[in-house]
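Here the structure is laid out as structure tokens; the discussion comes afterwards.
The values are calculated or read from the model by the stated rules, or taken from the named source; none is laboratory data. If you're wondering where the values come from, they're calculated on a predicted model, not measured in any experiment. Note: ideal-geometry Cβ built from the backbone for every residue, glycine included; neighbour counts use all protein chains shown. We work out accessible area using only protein heavy atoms, side chains counted, and drop any ligands, DNA or RNA first. Shrake-Rupley method; radii C 1.70, N 1.55, O 1.52, S 1.80 Å.
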Amino acid sequence: MSKAIRIHTNGGPEVMKWEDIPTPDPGPGEALIKHEAVGLNYIDVYFRTGLYKAPNMPLIIGQEGAGTVLAVGAGVTNVAAGDRVAYAGPLGGYSTERTLPADRLVKLPDAIDFQTGAAMMLQGMTAQYLLRRTYNVKAGDPIVVHAAAGGVGLIMCQWAKHLGATVIGVVSSEEKAELARAHGAHHTVVGYDTLVADVKRITGGAMVPVVYDSIGKDTFITSLDCLAPLGLMASYGSASGPVPPVDLGLLAAKGSLFLTRPSLNTYVAKLSDLQKTAADLFEVVASGAVKIKVNQTFALKDAAQAHIALESRKTTGSTVLIP
Ligand code: NDP
């Protein structure tokens, strides 16, 4: 038997139940892994509340982990029993043991421990595609990064600085501003009220070519107003709630803007993209350019406490759940 946090219905943190489940056998193309650490991500909240539709109930939420391969099914050649691995994507993460498609696993370099592996895969690969592919950040670019002291945020600040960008980090408190600055943000703005004016001042009126907005409803229009003509709004999360339907005319009126709602799943759907994205991430972590900050750990069975902390904006950096 294994243990897992399952939800039987959508709702608050209390719907997460710590339950016995039969340990699954790996089918063809699958691997069975034992989790050493599980990543906590805001997307877990969306699946719990129902903002993202559960594919089945009961559902084991969680989309990121690191651990050891226990067994592989027929046809699996990329990993073998005993390998140290990590992944981001397939639901089923809040568990002591799980199966998943083996081609979603990447081998963890020896220098990266399990907690770091579980903390970095989803948030780090997200930072990679946002900074290198959604918009290819170049040296000298001023960019706006929302929730700059959060999990994705601290990685974005460090990586963007490494690329030579000027990072304007947006946060909700002075304490978080200090943390963002310590991790590469050149400028910080607390709250959204003065954001457009601050971006104007910092860029000498030019505004920015890209805004990375993970907040959604509360910041959508403000973020558009931070963009230079032909700028790109990357609306990649909904921490404050989903963005209401958009009048496309707004994009013309505000300067022929581009708008995208990207998702990691699309960017790493092809195996070659997954491998390249993970390799890029491992490289910046190995070189020390990006440090993965695991600022909170919780026992996996206490995942509800972790969700409460994340939703009440009490966490900074990444959070890991320990089975
Ligand atoms: P974070 O650690 O960034 O936590 C969320 C942060 O959002 C909070 O700390 C808070 O920072 C900010 N926030 C602003 N408004 C609210 C609100 N009303 N309620 C709660 N938090 C709020 O989480 P993650 O690093 O896990 O994820 C960051 C974002 O990236 C999420 O929106 C997530 O959905 C998105 N994401 C998207 C992916 C994609 O491919 N599209 C992949 C991975 C993540 P502050 O207090 O400073 O405002």
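By what distance, in whole Å, do the Cα atoms of segment 139-261 stretch along each of the three principal axes, largest value first?
That gives 39, 30, 23 Å along the principal axes, largest extent first.
Over 24 Å between Cα atoms, which of LYS161/LYS276; LYS176/LYS217; LYS217/LYS270; LYS53/LYS291; LYS53/LYS217 qualify? Working shown, then result.
On the way: LYS161/LYS276 21 Å; LYS176/LYS217 21 Å; LYS217/LYS270 31 Å; LYS53/LYS291 33 Å; LYS53/LYS217 19 Å.
Result: LYS217/LYS270; LYS53/LYS291 exceed 24 Å.
At a temperature of 4 °C and a viscosity of 1.567 mPa s, determine how fast segment 220-319 diffuses translationally according to Stokes-Einstein, using the Kirkwood radius over alpha-carbon pairs as Rh; express D in µm²/s, rounded to the nearest whole number.
Numbers: Rh = 17.1 Å.
Rounded to a whole number, D works out at 76 µm²/s.
Give the carbon-plus-sulfur fraction of the accessible surface of segment 125-242 in %, rounded to a whole number; probe 1.4 Å, heavy atoms of protein chains only.
On the way: 2150 of 4110 Å².
The nonpolar share, carbon plus sulfur, comes to 52 percent.
Once you list every other residue whose beta carbon is under 13 Å from the beta carbon of ALA31, what net charge do they have if Lys and Arg are +1 and Asp and Glu are -1? Please report the intermediate quantities before stating the final value.
Working: positive: LYS34, ARG84, ARG98, ARG104, LYS107; negative: ASP25, GLU30, ASP83, GLU97, ASP103.
Within the 13 Å Cβ shell, the charges total 0.
Starting with the highest mean, order 146-153, 253-260 by the number of other Cβ atoms within 10 Å, averaged over the residues of each peptide. Don't skip to the answer; put the middle values down first.
Numbers: 146-153: 28.6, 253-260: 14.1.
Those peptides, ordered most packed to least, come out 146-153, 253-260.
Each residue of segment 125-136 in order: what ³J(HN,Hα) in whole Hz does its phi give by Karplus 6.51 cos²θ - 1.76 cosθ + 1.60, θ = phi - 60°, with x for Gly and Pro?
5, 5, 4, 4, 5, 5, 7, 10, 10, 4, 9, 8
Taking every alpha carbon pair in the chain, what does the distance histogram look like in 20 angstrom bins from 0, in percent?
33, 56, 11, 0
At a Förster radius of 30 Å, what calculated FRET efficiency corresponds to the Cβ-Cβ distance of SER173 and ALA71, to the nearest 0.05? Mind showing how you got there, number by number?
Details: r = 46 Å, r/R0 = 1.55.
Once rounded, the FRET efficiency stands at 0.05.
Assigning unit charges at the beta carbon (Lys, Arg +1; Asp, Glu -1) and nothing else, what dipole magnitude in debye, to the nearest 20, does segment 139-261 show about its Cα centre?
Details: 8 positive and 10 negative charges, 44 e Å.
Approximately 220 debye in magnitude.
Okay, helix-only estimate at 222 nm for the chain: each DSSP H run of n ≥ 4 adds -39500 (n - 2.57), divide by all residues, round to 500 deg cm²/dmol; what do you get? Walk me through the numbers on the way to the answer.
Working: 10 runs with 93 residues, N = 323.
About -8000 deg cm²/dmol.
Under a 5 Å amide H to amide H cut-off, with H placed in plane at 1.01 Å, what residues pair with LEU227 once short-range neighbours are removed?
The list, which skips near neighbours in sequence, is VAL208.
Keeping every protein chain present and rolling a 1.4 Å probe, give me the accessible area per residue for segment 32-171 in Å². Mind dumping the intermediate values first?
On the way: 4250 Å² over 140 residues.
Dividing the accessible area of segment 32-171 by its residue count gives 30 Å².
So what's the gap between the Cα centers of segment 98-166 and segment 31-68, to the nearest angstrom?
The two parts, judged by their Cα centres, are 19 Å apart.
Excluding ALA289 itself, calculate the net charge of residues whose Cβ lies under 15 Å from the Cβ of ALA289, where each Lys or Arg counts +1 and each Asp or Glu counts -1. Mind showing how you got there, number by number?
Details: positive: ARG132, LYS161, LYS291, LYS293; negative: ASP280, GLU283.
For residues surrounding ALA289, the net value is +2.
Could you grab the relative contact order for the chain? Cα pairs under 8 Å, six or more apart, rounded to a whole percent.
Numbers: 737 pairs, mean separation 56.3, N = 323.
So the answer I get is 17 percent.
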